Every structure is written in structure tokens, then in C-alpha cells.
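What follows is a single structure, written as C-alpha cells, with notes after it.
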Amino acid sequence: MKPDLFEAPDYYNLDDLFSDEHKLVRDAARQWVKRDVSPIIEEYAQKAKFPESIIGGLAEIGAFGPYIPVEYGGAGLDQISYGLIMQEIERGDSGVRSTASVQSSLVMYPIFTYGTEEQRKKYLPKLATGEYMGCFGLTEPDHGSNPAGMVTNFKDKGDHYLLNGAKLWISNSPFADIAVVWAKNEEGRIHGLIVERGMEGLSTPETHNKWSLRASATGELIFDNVKVPKENLMPGKSGLGAPLGCLDSARYGIAWGAIGAAMDCYDTALRYAKERIQFGKPIAATQLQQKKLAEMITEITKAQLLAFRLGQLKNEGKATTAQISMAKRNNVDMAIKIAREARQILGGMGITGEYSIMRHMMNLESVITYEGTHDIHLLITGADITGHSAFK
């Protein structure tokens, strides 16, 4: 196993903008990734297995609900700290970051924001420590970019709800203890329900044969007359805006996380270009490779500044859905382009598991699609600046 020699690029001295707490949080996550993720991740990606042994470590670095208040088991950190943790985890692997994003933004966030006090006290502390793992059920086999068309539904049976339907492409579902599920009531209104593993009629088959996010567990949620206690409905908000609010938080984390993947590809390519000798000199001394590397660091720097400003807006409660969409779209697009260019710098070595680049490239093909596709985010920006929705 090659040592993890990663050195984070900071061309515009962004460290000067971070607080001491930000840097402590980031550096703790960075060291954990170097120690506990990098040595094993290639093996798990090759085996297409999620390394469940790292769940405790993710909890220890505050990756589960870092912005959730301490009284509910969270770390009580700000949004920039959350972003930096996601950046460092995705520097290790997008699939591992997906696990943390789902737990934080798609499970803990809705329970904290939309749930009852009893639900917060029951679930959040165990989710924060990783004792409970969660998943988020919104996407359906026939309803991806149009979640309002969902068919999963529940009926009021007096002392419980009866839930039926199916969800697809659900990160963490094969091992999750609870699922935050979005379904329509008898009036067609979308509500969030907390479904627990062990409830009769719930099954979570795993999705196999993935070429992307291979070190992440992806599956389905199938509900066949599942009896859900009435106290498991989250009353704080209903309608499509409720799950979309969760996606805002997740997309924000992705905007930071993609920077981590891009950093790793750039750092790997830069080091390789300095060491690889062709025609009597390092390939880093050639114009074409310098062009690639110079463009990479430029795009990473722009993405860093975009994410940092968005983090400030999030901390102030001013970040809009459209602003978050722009950052998610731009930063993931940036990362996937850098992964492809970095692979070329490494030539044939770039396709092997000896280096992280091809794994990042394949992972980012999922990241550019989930939590709103590349094209959907473009239309969100378009609708925001023109006042005209092009979705219908």
C-alpha cells in the first residue's frame, strides 16, 4: 500500500480566512482520512463493499451532524466546518462522503428541523455516534428529477399508518437502521415518516454491478403494507419543500466535497508529473502538462472561493436554493474535468488502483447526477435569473 502523501493546494491562502476551529476540524478529518481511509479504500472499492469499520471514526471526527446542537449529540459546529469535513472525506472517497452526507443532511437534518422533540431525543444522539445509521427515501424507480410525481403513499388506519411503495438509488439502505421516507397521504400531500428496520413488510435489497461509488452501499427501500406508528410522522413541515430543504443541505456539502476529490487528483498528477521522466526531463517541464496543471489549480481555487462564500451565507441564513445549486453544479463539474485531465497526465498508470484518480473519476459520475443532475441545476439557475421555469 502506497503512503498517502497528499498535500492540500491553497493557492489563494484561504487558510487566512478560516478560524482556528475551522482548521482544527479540517486537520483532524484530514489526518483520519490518511490513517483510516486511504490504506483500505482501494481494496474496498475493488471488492465493491462499504468499509463499515470506519463508521466509528466518522462519528469521532464529527462527520455525523456536525451542525446539530450538542444537546442532541451533534458537534454544534458552523456550516463552514461541515463543508471542510465533507471536503476532507471526499478527498478520501466520494462514497464515504456520501455515507456521511446522508447521515447528516438527509437523516439528522430533517429529524432536527421537522421532527418532534421526542423524535430528536430518540434518534439524533444515536445517529451522531453511528450507533444508528440512516438513509433517505425520496427517489423512485419512475420519479428521479420529478420527485413530486412519487407514488409511494400511506393511509391512516386509526392507530397507525400503512405505507406502500418503493424507493431506488438509496445510499446506506442495505445496512441502515432507520429511513426518513417521503410519501403522499390520502390527500396527495407529501410527508416525512421515520421507518425502522424490523418493521414488517420493509425490505432493503442492495444494488450490485455498479461502476461508481463502489465503496458505498446503495440499495432500495421496498414497503409492502408497512405499519408505521403515528408518532413516527415528522410534523414540522409537509409538501415537496420539506425534502427539498434536506437536499439543499446535502448539495451544500457536495459543493465542498467535490473540491476534495479534485484536490486529490491534482495533487496526485502534480507529484507524478514532477517525478515522471520522458525525453530526458520531467513531464512537468513540458508546456502541455503545465497547461493542464495550471488550469486545474485555477479551477480548484475558484471553487474554493465559491464554497467559502456560500458557507458564509449559510452561516448567516442567507444562502438560497439557487445559490446552492450553482455551487453544486460548478464544483462537481470542475472536479470531474480535473479527474479526467489528471488521468491523462498519468497515462496508463492512471487507470490502475495504485493511484486514486480513476476511482475518483468513476465516483464523480454519480455525484454529478445525484442530488439534482447537472442539467437540472442549470435550469434552477436559469429559472432564478429569468423568472421563468423551464421544467414544464
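The values are calculated or read from the model by the stated rules, or taken from the named source; none is laboratory data. Note that the coordinates shown come from a computational prediction; the quantities given were computed from them, not determined experimentally. We place every Cβ from the backbone using ideal geometry, glycine too, and count neighbours over all the protein chains shown. Heads up: the accessible areas ignore ligands, DNA and RNA and are worked out on the full protein's heavy atoms, side chains in. Shrake-Rupley method; radii C 1.70, N 1.55, O 1.52, S 1.80 Å.
Highest mobility in the GNM of the chain, judged by mean-square fluctuation with C-alpha springs under 10 Å and restricted to S81, S38, S53, is found for S53. For Y161, the residues whose amide H sits under 5 Å from its own are V228, K230, ignoring neighbours fewer than 5 places away on the same chain, with H placed 1.01 Å from N. If you plug the beta carbon distance of K157 and Q290 into 1/(1 + (r/R0)^6) with R0 = 51 Å, you get a FRET efficiency near 0.15. Packing, taken as the mean count of other beta carbons within 10 Å per residue, orders the peptides 361-368, 147-154 from highest to lowest as 361-368, 147-154. Computed from point charges on the beta carbon alone (+1 for Lys and Arg, -1 for Asp and Glu), the dipole magnitude for the chain about its Cα centre is near 760 Debye.
Helix 20-32 and the longest principal axis of the Cα set of the chain meet at an angle near 80°.
For the pair E186 and N315, a Förster radius of 41 Å applied to the C-beta separation gives a FRET efficiency near 0.55, rounded to the nearest 0.05.
In loop segments of the stretch 16-54 as defined by DSSP, the trypsin sites (Lys or Arg not before Pro) with at most 14 further C-beta atoms inside 10 Å of their C-beta are K49.
When only Cα pairs below 8 angstrom with a gap of at least 6 residues are kept, the stretch 70-220 shows a relative contact order of 22 percent.
Considering only P69, Q46, Q79, the residue lying farthest towards the positive end of the dipole of the stretch 1-119 is Q46, judged by Cα position with unit charges set on Cβ. The phi torsions of the stretch 241-246, fed into the Karplus equation with coefficients 6.51, -1.76 and 1.60 and a -60° offset, translate into couplings of x, 5, x, 5, x, 5 Hz, rounded to whole numbers, with Gly and Pro shown as x. With each label modelled as a point 7 angstrom along the Cα→C-beta vector, the K23-T129 pair spans 3.3 nm. Loop-located chymotrypsin sites (Phe, Trp or Tyr not before Pro) in the stretch 329-392 (DSSP state other than H, G, I, E, B) with a sparse environment of at most 15 neighbouring Cβ atoms within 10 Å: F391. 3J(HN,Hα) along the stretch 193-209: 10, 9, 10, 9, 4, x, 5, 4, x, 8, 9, 9, x, 7, 8, 10, 6 Hz, from the Karplus curve 6.51 cos²θ - 1.76 cosθ + 1.60 with θ = phi - 60°, whole Hz, x for Gly and Pro. Taking every alpha-carbon pair under 8 Å whose residues sit at least 6 apart, the chain reaches a relative contact order of 17 percent. Annotation: T113 carries an accessible surface of approximately 60 Å², with a 1.4 Å probe and no ligand, DNA or RNA atoms counted.
Computed about the Cα centre, the dipole magnitude for the stretch 50-148 is approximately 140 debye when only Lys and Arg (+1) and Asp and Glu (-1) carry charge, each at its Cβ. Annotation for H374 and F391: the two label points, set 7 Å from Cα along the Cα-Cβ direction, are 2.1 nm apart. In the stretch 126-251, taking the dipole from charged Cβ atoms about the Cα centre, the farthest positive-side position among A128, V195, P229 is held by A128.
Name the trypsin sites (Lys or Arg not before Pro) in the stretch 130-183 that are in a loop by DSSP and that have at most 16 other C-beta atoms within 10 Å, would you? Sites meeting the loop and neighbour criteria: K157. Taking Cα atoms only, the orientation of helix 321-345 departs from the longest principal axis of the chain by about 40 degrees.
Restricting attention to the chain, close to 85% of DSSP beta bridges with both partner residues there are antiparallel. Ranked by the mean number of other Cβ atoms within 10 Å per residue, highest first, peptides 285-296, 190-201, 260-271, 9-20 order as 260-271, 190-201, 285-296, 9-20.
Using only Cα atoms, find the angle between the long axis of helix 38-47 and the longest principal axis of the chain, and express it within 0 to 90 degrees, rounded to the nearest 10. Relative to the chain, helix 38-47 is tipped by roughly 60 degrees. Around the Cα centre of the stretch 288-358, unit charges on the Cβ atoms of Lys, Arg, Asp and Glu (plus for the first two, minus for the last two) sum to a dipole of about 200 debye. Net charge in the neighbourhood of A322 (other residues with Cβ under 13 Å of its Cβ; Lys, Arg +1, Asp, Glu -1) is +2.
One Cα centroid belongs to the stretch 139-168, the other to the stretch 281-352; the line between them spans 37 Å.
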